[in-house]
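The values are calculated or read from the model by the stated rules, or taken from the named source; none is laboratory data. Since this is a predicted model, take the numbers as computed values, not measurements. Virtual Cβ from ideal backbone geometry, glycine too; neighbours counted across all protein chains shown. Ligands, DNA and RNA are excluded from the accessible area calculation, which covers all protein heavy atoms including side chains. Shrake-Rupley method; radii C 1.70, N 1.55, O 1.52, S 1.80 Å.
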Amino acid sequence: AIMLSGALAGNDPRRLRGAMDDLERSQGAGLVGEEDDDVGEAGGGGAIDDGDAADRPQEEGTVAGISLSALGLDPEGPFVLDADLLRSLIRQRTLSLTGGVIVLDFNHAAFHSREGYDAKEYETDLVRALASVAKVLYEDEGLLSVYVNIDPKEEDDDKEIMGADARERKALIENDVLIPFSDYEICIRNEGTTAAQPMSSDSTPSGGWADAEWELRRLVARALLPPPVVGGDDADLAMGRNTFFLSLSFPHVEDARPYIEEMCEDVDSMEYRVDLLQAAKDYLTRYGDGKTEDEGSSCKEEKGDPRFDILYQQRMLRSLCRPHAQRAPALPFASSDIIDDALPIVYTVRTAHQAGTWPDDESGIERMFDLLDLGLRSGAEVLDVESAWDATLTDKLLSDAEERYTSLILGSHHVVGTQVSVDDAVGLYRQCRMNDRAHGAKVVLSIDSNENDEDQLAYVAAKKASKLDEPRIPNIGLILGEAGSYSRIINPRFTPVTHECLPAKAAPGQLTAVEIMAGRLLTALVPAERYAILGHNIAYSVSPQMQGSAFAAVKLPHTYSRADVETVEEFVEGPIWNDEDFGGCSVTIPHKRNVIEHLDVLTDAAREIGSVNTVIVKKDKRGTRVLIGENTDWRGIYNPLKRRLGDDNDGVGDGTNKKYALILGGGGTARAAAYAARQLGLERIYFNRTPEKAADLAKEFGGAVAGSLDDKEGAEDSLGAMLSRNGGSVKAVISTLPAAAEFELPEWMLASSAAALPVVFDVNYKPYNTALLLQAAKRGCDVVRGSEMLWEQGAGQFELWTGRTAPYGVMKRVVLENCLPKKEEEE
């Protein structure tokens with residue numbers, strides 16, 4: 001909780017410090033400073049059980065958040081914070097996902113007797129009070145809630161890590177409080193009793209606390225994502241062109257350890273086949289006769305908990321994949337943090353009559369939906385939901401997914417042993433849409449023979465079905481068995497694969513990703529496309545290394561080169577632009593505006609900004625090439641600022657306390673900055689040495705022009721006077737000025753407290769540290785370098801060109817390798 005509170009980076013340290021006056025009786029409340037260790041070591045300012053956290057003087061410095069225990073213990077006895085107090089702190093946004101974490105600890109010190117204190121006297125009342133708080137926070141306040149589920153025993157030697165009273169308390173309240181009043185669940189064995197451990201010799205996590213901490217961050221990051229939209233980009237990219245998921249068929253995840261590194265090189269997701277796990281068989285043994293989990297809980301202590309084991313093994317799969325997850329997409333967390341080593345998981349419970357092993361009688365289906373609910377609670381990126389079963393149970397699962405989760409729903413159906421017609425197959429695709437609630441549809445068919453290209457049946461039906469319904473969603477079509485191998489080559493997206501290093505295939509007819517890509521190259525389904533960066537004097541550009549490495553990471557055969565020309569016409573008349581395998585290009589100075597006349601279509605963003613940094617090549621229905629102009633520069637500015645500013649723009653447009661972006665410069669990138677600031681909900685103030693250019697920006701994008709950056713109220717057009725009139729503040733400074741200008745902000749803009757300092761963004765990525773960034777960092781500002789903008793806009797370009805998620809970590813690493821200053825330069 002201390003780690004999470006600090007990492008979520010509260011935006012108003014002064015308000016957080018003031019909140020301590022309201023919490024003075026809570027022995028579990030502590031301010032978390034930015035310099036504090038994650039695990040709350042001595043002096044870390046984190047939550048403590050029997051100290052004097054609330055009364056303890058806090059050191060000066062920036063406060064990152066509050067970690068607050070709802071249960072406390074002082075000389076007068078134990079107490080639980082009043083729900084109304086917590087409500088007020090939440091509604092004042094003193095405690096929020098950008099400022100604090102509330103801990104409901106059912107194994108708090110108040111539950112443990114000591115000399116002069118009999119915990120048993122209070123236990124029942126404390127449990128009831130904490131349960132009531134949990135219910136209020138979850139149901140009434142709608143807070144994100146994570147259940148940290150601790151296994152009472154060591155995995156290997158049955159050593160007790162939880163006392164008998166705590167085990168009994170957990171068994172009593174788990175199904176009535178801990179599970180129903182939480183969204184997500186993280187399962188921990190002995191990690192909490194050990195310090196964070198170093199990586200082992202084979203570069204895999206060794207299972208220490210750091211790994212559990214990472215999983216908590218991942219769960220919260222998943223919860224913070226916008227809900228996925230049916231027909232939106234989330235599924236279209238995650239289940240995009242030339243993406244693959246690997247079906248694991250081991251009874252224990254640990255059995256996959258020797259193969260993980262090689263498998264991760266070729267796939268974009270791992271399929272967690274729950275029905276093939278030994279833990280799933282144990283789950284059936286425990287609950288398959290119709291017992292509820294509550295009724296079966298008495299034997300958990302003796303034989304272990306298969307429900308826990310199913311969740312825990314999924315976390316271990318993520319842990320094994322992390323060091324090798326080079327194809328993982330970006331998962332924004334908070335502030336500047338991006339999780340780029342979370343390889344997505346497809347969570348599947350496949351039933352017996354649909355090519356799986358899970359029983360599909362009435363009791364089995366009920367239990368299947370229980371396990372699918374675990375998939376949501378585990379934060380699985382994709383949840384495979386068979387479309388043929390109980391409508392009421394399906395509706396409840398989908399409703400839960402829509403209301404509180406961000407998992408993509410993949411509706412699926414397998415036809416085993418019988419060949420169906422194309423029209424019937426189309427009907428199955430429509431069934432898998434689940435009344436337009438699924439984000440993707442997967443239909444797997446059987447064929448009797450292959451005399452008339454029946455192995456294309458699923459592909460043909462998928463194309464036909466895609467034209468019948470809106471919004472369009474990814475359709476995945478395969479044929480079972482050896483006869484269906486070709487169907488896996490022609491299926492364009494999210495294809496299940498095996499791997500050459502594995503001892504056995506998960507299903508007959510499966511191919512490796514390498515075999516499928518070779519087949520697609522041979523049949524020209526995936527041509528080797530040509531890309532380039534169009535500009536002049538661009539020897540410095542890192543884009544070729546960045547995009548080339550991204551293509552290589554996902555095994556696409558494309559090339560990316562420099563096109564250094566004085567005029568756009570030279571490139572348009574040259575070999576790359578006119579090659580039939582031309583896939584698109586990046587555009588940089590001085591050609592971002594001049595290229596527009598050579599394009600067929602502009603996106604809304606490119607049209608409003610008035611410049612293009614990305615050209616995309618598509619084909620229309622007649623096969624004619626269509627050239628599309630897009631601008632991802634604004635995304636390269638918007639994304640980093642959105643992460644740092646969060647929702648801290650309340651009050652924009654109400655006439656008082658306005659939040660501004662100060663935009664420096666007047667060129668094409670300044671236009672993208674103005675567009676991004678508007679999308680962020682910030683008012684715009686422009687400053688440029690050529691006032692006419694600043695005035696043009698104000699006219700097109702709205703906002704005002706500052707005649708100077710002076711803090712002089714006497715001059716009406718000075719920045720200081722403009723802010724004073726509106727009672728406003730500058731939340732972001734975006735400089736598009738050349739690094740050679742060595743521009744610095746006036747000192748008065750950086751004289752505020754840490755809470756009021758702006759985020760300072762310099763779009764230059766060489767040099768890595770400009771004069772402006774060095775000045776801002778020295779004064780305590782959060783800074784954004786042009787290198788971050790480069791990989792953000794580059795990832796956007798990659799996804800537009802390829803129709804799949806970008807390998808974010810690879811692109812970021814290549815940019816930093818080429819932009820970080822050498823040691824001698826730093827000195």
(message) Rounded to the nearest percent, how much of the accessible area of the stretch 708-827 (1.4 Å probe, protein heavy atoms only) is carbon and sulfur?
(response) 47 percent
(request) For Lys658, list long-range residues whose amide hydrogen, built 1.01 Å from N in the peptide plane, is under 5 Å from its own amide hydrogen. (result) Gly728, Ser729
(message) Can you give me the % of accessible surface on the stretch 457-616 that is carbon or sulfur? Probe 1.4 Å, all protein chains present, nothing else counted.
(response) 55 percent
(message) Students often check this: by mean Cβ neighbours within 10 Å, which of 773-781, 811-819 ranks highest, and how do the rest follow?
(response) 811-819, 773-781
(request) Just grab the label-to-label distance for Ser88 and Ala756, each label 7 Å out from Cα along the Cβ direction, in nm (one decimal). (result) 2.7 nm
(request) List the residues whose amide H sits under 5 Å from the amide H of Ala119, counting only those 5 or more places along or on another chain, with H placed 1.01 Å from N in the peptide plane. (result) Ser113, Arg114
(request) Provide the per-residue ³J(HN,Hα) series for the stretch 799-804, in order, calculated from phi with Karplus coefficients 6.51, -1.76, 1.60 and θ = phi - 60°, each as a whole number of Hz, with x at glycine and proline positions. (result) 5, 5, 6, 9, x, 8
(message) For a Förster distance of 25 Å, can you work out the FRET efficiency between the beta-carbons of Leu468 and Lys396, rounded to the nearest 0.05?
(response) 0.35
(request) Return the distance in nm (one decimal) between the two label points of a simple spin-label model at Lys778 and Asn435, each offset 7 Å from Cα along Cα→Cβ. (result) 6.4 nm
(request) Provide the packing ranking of 68-79, 520-531, i.e. peptides ordered by the mean count of other C-beta atoms within 10 Å per residue, highest first. (result) 68-79, 520-531
(request) Of the listed pairs Lys731/Lys822; Lys442/Lys618; Lys555/Lys618; Lys619/Lys766; Lys619/Lys693, which have alpha-carbon separations greater than 27 Å here? (result) Lys731/Lys822; Lys619/Lys766; Lys619/Lys693
(request) Enumerate the lysines that Lys135 could reach by cross-link, defined here as Cα to Cα under 27 Å, with residues fewer than 8 away along the same chain left out. (result) Lys120, Lys170, Lys291, Lys300, Lys396
(message) At q = 0.13, 0.15, 0.24 Å⁻¹, what log₁₀ I(q)/I(0) does the stretch 578-683 have when each alpha carbon counts as one equal point scatterer in the Debye sum?
(response) -0.56, -0.69, -1.23
(message) Can you compute the modelled spin-label distance between Ala164 and Val136, with each label point 7 Å from Cα toward Cβ, in nm?
(response) 3.5 nm
(message) Calculate the FRET efficiency for Ala695 and Thr523 from the Cβ-Cβ distance with a Förster distance of 51 Å, rounded to the nearest 0.05.
(response) 0.35
(message) I need the calculated FRET efficiency for the pair Glu451 and Thr357, taking r as the beta carbon distance and R₀ as 30 Å, to the nearest 0.05.
(response) 0.40
(request) Using the Karplus curve 6.51 cos²θ - 1.76 cosθ + 1.60 with θ = phi - 60°, work out ³J(HN,Hα) for each residue of the stretch 726-734 in order, rounded to whole Hz, and write x for Gly and Pro. (result) 9, x, x, 9, 8, 8, 8, 10, 10
(message) Rolling a 1.4 Å sphere over the protein heavy atoms, what is the accessible area per residue of the stretch 427-479, to the nearest Å²?
(response) 45 Å²
(message) If you average the C-alpha positions of the stretch 220-236 and of the stretch 441-475 separately, how far apart do those two centres end up, in angstrom?
(response) 26 Å
(message) Order 607-615, 179-187 from most to least packed using the mean count of other Cβ atoms within 10 Å.
(response) 607-615, 179-187
(message) Taking 0.36 nm per residue of sequence separation and subtracting the Cα-Cα distance, how much length would be gained by fully extending the chain between Arg622 and Ala771, in nm to one decimal?
(response) 48.3 nm
